[in-house]
Amino acid sequence: MVEKKNFVCMSIFKKYQEQDQDILFIPKVSSFRGEVELIGSKSIANRALILSSFCEEETLLQNVPDSEDVSVLIENLPFLGIEIQKLSSKELLIKGSPEWNPKKNYFNLKNAGTALRPLIAILSTKEIHQDIVIDGNEQMRKRPIKDLVEALSQIGVEIQSQNGYPPVKIQKGGWRKNQIFLSGKTSSQYLSALLLAAPLTFQEIEIFITDELVSKPYVDITIALMKKFQVEVINENYRYFNIPKQFYRSPKTLWIEGDATAATYFWTAGLLSGPVSTKGITLNSIQGDIQYLEVIKTLGGKVEFDHQSVRVFRLYPIKGLSIDMNAMPDAAMTLAITGLFAETYIEIYNVENLRVKESERIRGLHNELKKFGATVEERKDGLKIYPPKQIPKTPRIETYHDHRMAMAFSLASFLSDLEIINPDCVKKTYPNYFQDFESLCVL
């Protein structure tokens, strides 16, 4: 095992301001080596917070990330009558209430989709005869919510959106029917929201998916966590879901595993040179992005496990490939950057839903990869990336206020110096990302 202390390069990244913009300069690095302890998964954390909130018993959540998406949910849950006690920087004690009630009628969830979508579904279960508005920031107001609103309207909820986007207004809650028909082609978060809310209706709920469900592994996370809270979900081939009448029961303590999507950046650093180790996640992870390690192997990386970490290093030159990334859309962005280093090309398809994430990610990747001299073919549902023949000097990357754009493009420092606009956007999920990434860099 390589000792991290031998390779830490402190203060090699430089941050400065230019025309009221924060710019992070990252010099070209010769290799990546070391070990990173992963931040907790915000996808797991926000689901766990919601599940804990509706148990009679207390729940201790451990390894809670300090990301903006999690913080915004922690700020809003007390307005449902939920008590949250911070025991340490990574530990929360949740005192839930099955008899929760909203204490206000306006909720702003900023840009946290894993908070806003479930809260809409949860608030819609209460037969409250007053308007409740669930809103977000400017970015969230560009992210569609139409399919969830239409599904709730079918079962008797009086609800409306702003032309299919937030803010959403619930005028009269209460699920008056128990069969829901939902489109799954835009986001799996709508289904996860309905699954999480279903036990709060105290009746059996059936959900029918009317088309193809995207990002299925994120639904698997929801179902796996619901099971930890003693609620079973029947899943028939991702087309039909049945939630029998059940009640949430606390597991008492829940440790939040490391963020698998964040790990893909460090695993790719290992693929480019390595060795790089990540602590806090194992092969038994409930997160779908653990499967990205198979992509790493296909590309030419070597993967090793022990009981608490994953180690990756380069075995062969990076191979080209063509791959359906629908099950790992966030990790598709990591793979797109790897296209800068492949022997031939990397083609990513069946990820059209990337266009309606925190930014228009397919277009953004297309624009920014070209700044490195890559040839990029943009398709409706993905990209084909050919490695550059000539590398420009110090490309400046526009992040579009998207945390994953900033984190993914940091890997391009293996190719050249680069600059990243608005690097603080990583606070959405991983506030200390650049400190951890810098610790792996060898000039």
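Quick notes on this structure:
- From C441, C425, residue being under 25 Å from K42 (Cβ atoms) and touching a residue at least 60 places away in the same chain (Cβ under 8 Å): C441
- Number of positions in the stretch 84-142 that are under 27 Å from G184 (Cα atoms) and surrounded by 14 or more Cβ atoms within 10 Å (Cβ to Cβ): 30
- Number of residues in the stretch 208-245 that are open to solvent by less than 30 Å² (accessible area, probe 1.4 Å) and not aliphatic (A, V, I, L, M) equals 6.
- Against the list (1) closer than 30 Å to E352 by Cβ; (2) open to solvent by less than 20 Å² (accessible area, probe 1.4 Å), the condition E257 fails is (2).
- Cβ-Cβ under 8 Å pairs, at least 6 apart or on other chains, the stretch 275-290 side free of Cβ contacts under 8 Å to residues at least 40 places away in the same chain, far side among the aromatic types (F, W, Y): T282/F305; L283/F305
- Output for the stretch 204-240, where each listed residue is of a type in the set (G, A, S) and part of a loop (DSSP other than H, G, I, E, B): S215
- Scope the stretch 177-203; condition assigned to a loop (DSSP other than H, G, I, E, B) and touching a strand residue (DSSP E or B) at 6+ places or on another chain (Cβ under 7 Å); matching residues: N178, G184
- Taking the numbered list (1) among the polar types (S, T, N, Q); (2) part of a helix (DSSP H, G or I); (3) in contact (Cβ under 8 Å) with a residue 24 or more places away in the chain in turn, N111 passes all entries but (2).
- Checked against (1) modelled with pLDDT of 95 or more; (2) open to solvent by 10 Å² or more (accessible area, probe 1.4 Å), L51 passes all but a single condition, namely (2).
- Highlighted here would be strands (runs of 3 or more DSSP E) found entirely within the stretch 271-365 that include at least 2 residues which are modelled with pLDDT under 95 and open to solvent by less than 60 Å² (accessible area, probe 1.4 Å), but there are none.
- Residue match in the stretch 384-401 (condition: under 25 Å from Q291 (Cα atoms), at pLDDT 95 or above and open to solvent by 50 Å² or more (accessible area, probe 1.4 Å)): yes
- Pairing residues of the stretch 175-203 that are under 19 Å from P144 (Cβ atoms) with residues that are among the acidic types (D, E) and part of a loop (DSSP other than H, G, I, E, B), at Cβ distances under 6 Å and at least 6 apart in sequence or on separate chains, gives S183/D211; K185/D211; K185/E212.
- Within the stretch 221-236, the set of residues being within 21 Å of the chain's Cα centre (by Cα) and among the aliphatic types (A, V, I, L, M) comprises I221, I223, A224, L225, M226.
- Taken together, V36, V72, V29 contain a single residue that is outside any strand (DSSP E or B), closer than 24 Å to T278 by Cα and open to solvent by less than 10 Å² (accessible area, probe 1.4 Å), which is V29.
The values are calculated or read from the model by the stated rules, or taken from the named source; none is laboratory data. Fair warning: this is a prediction, and the values are worked out from it, not measured in the lab. Reconstructed Cβ throughout: ideal geometry from the backbone, glycine too, with neighbour counts over all protein chains shown. To get the accessible areas, we keep the full protein, side chains included, count just its heavy atoms, and leave off ligands, DNA and RNA. Shrake-Rupley method; radii C 1.70, N 1.55, O 1.52, S 1.80 Å.
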